[in-house]
Amino acid sequence: MRLFVAVNPPAPAKQELVDAVEPLHRLPGADRLRWTEPAGWHLTLAFLGEVPADEVPALEHALARIAGAHPKHRLRLSGGGTFGERALWAGVEGEVRVLRELAAAVRGALGAEDEERGFHPHLTLARSGTTRSRTPAGPGELRAMADALRGFRGREWRAGRIQLMRSETGFGAARYTAVEGWPLGT
């Protein structure tokens with residue numbers, strides 16, 4: 001199974017972001033992006049890659065222990081940015097330090113590799129790239145979309161759970177399903 005660990009924002013927070021992102025679909029270059037589905041928006045704490053099914057119970061045990069040892073925390077979706085000309089994302093603010101500590105604990109306990117550029121909490125909104133029917137977004141087009149999100153600041157919500165997620169790829173957009181979840185401590 002292809003697995004990752006995530007914090008999933010609640011539906012009202014995602015809807016606020018859906019409303020903020022909707023006008024971006026009319027900007028130059030938007031039609032050349034692969035937009036992600038709001039149902040799949042999540043804050044990845046650790047990407048585990050392909051994991052044999054017989055190793056999942058040990059992962060679940062470790063994640064339950066980690067979740068109980070880390071507190072609930074307040075977050076909000078806010079602003080936007082890009083990873084070069086490759087991806088458009090929405091940012092996170094609030095008790096991000098607590099989220100970073102949680103991500104570090106998950107990665108450390110599960111032996112997940114650190115991201116190349118360190119942990120940067122975000123929700124990926126769209127990706128640029130070539131397909132048979134699409135050419136990449138032009139230089140600056142993703143930046144203009146990120147600038148349009150600069151003023152976005154959603155309502156605060158409480159991150160109170162981590163989830164082990166399964167990613168299924170193939171034709172079309174990736175599909176994410178929760179394998180299991182655990183509440184964070186107090």
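The values are calculated or read from the model by the stated rules, or taken from the named source; none is laboratory data. Everything quoted here is computed from the prediction, not taken from an experiment. Here Cβ is always computed from backbone atoms with ideal geometry, including for glycine, and neighbour counts include all displayed protein chains. Ligands, DNA and RNA are excluded from the accessible area calculation, which covers all protein heavy atoms including side chains. Shrake-Rupley method; radii C 1.70, N 1.55, O 1.52, S 1.80 Å.
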Sequence order, the stretch 99-106: Karplus ³J(HN,Hα) from phi using 6.51 cos²θ - 1.76 cosθ + 1.60, θ = phi - 60°, Hz rounded, Gly and Pro as x, gives 5, 4, 5, 4, 4, 5, 5, 4
Taking the Cα of E93, stepping 7 Å toward and past its beta carbon, and measuring to each backbone N in the stretch 144-169: which are under 18 Å? 146-159
Using each residue's phi in the stretch 11-22, evaluate 6.51 cos²θ - 1.76 cosθ + 1.60 at θ = phi - 60° and report the 3J(HN,Hα) Karplus result to the nearest Hz, with x for Gly and Pro. 3, x, 5, 5, 5, 4, 5, 3, 5, 6, 7, 3
Using modelled amide H (1.01 Å from N, peptide plane; none on Pro or chain starts), what sits under 5 Å from the amide H of V92, excluding residues fewer than 5 places away? S78
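Where only protein heavy atoms count, and the probe is 1.4 Å, what is the accessible area per residue for the chain in Å²? Spell out each step's value before the answer.
Working: 9800 Å² over 186 residues.
Ligands and nucleic acids excluded, the result is 53 Å² per residue.
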Could you work out how far apart the two model spin labels at R34 and A109 are, taking each label as a point 7 Å from the Cα in the direction of the beta carbon, and quote it in nm? 3.2 nm
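What FRET efficiency would be calculated for the residue pair E55, A174, taking the C-beta separation as r and a Förster radius of 22 Å, to the nearest 0.05? Write down the numbers at each step before the final one.
Details: r = 21 Å, r/R0 = 0.98.
Using R0 = 22 Å, I get an efficiency of 0.55.
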Accessible area, 1.4 Å probe, largest first: how do K72, K14 sort? K72, K14
